[in-house]
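Please treat every number below as a calculation from the coordinates, not as lab data. No experiment lies behind these values; they were computed from the predicted model shown. Every residue, glycine among them, receives a Cβ derived from its backbone with ideal geometry; neighbour counts consider all protein chains shown.
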Amino acid sequence: MNDLWAALALVLVIEGLLPFAAPNLWREAIRQIAEMDENRLRMFGAGSMAAGLALLYLVRG
């Protein structure tokens, strides 16, 4: 259970990096994401999950 909390904490840190470091770039990225059509957004989400699972598999073996 501690690993889950650590992973969630890291997600929050990583998610906060771009708005902290470059708020205008982050705002533009959010605007572009909001304008994506649903299918493209789903594919982006699926690709992101697949990359995360692959990375987790490599790290955890």
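Using the number of other C-beta atoms within 10 angstrom as an exposure proxy, rank TRP5, TRP26 with the fewest first.
TRP5, TRP26
Quick one: what Rg and Dmax do you get for the chain from the alpha carbons, in Å?
Every Cα atom of the chain included, Rg and Dmax give 14.3, 38 Å.
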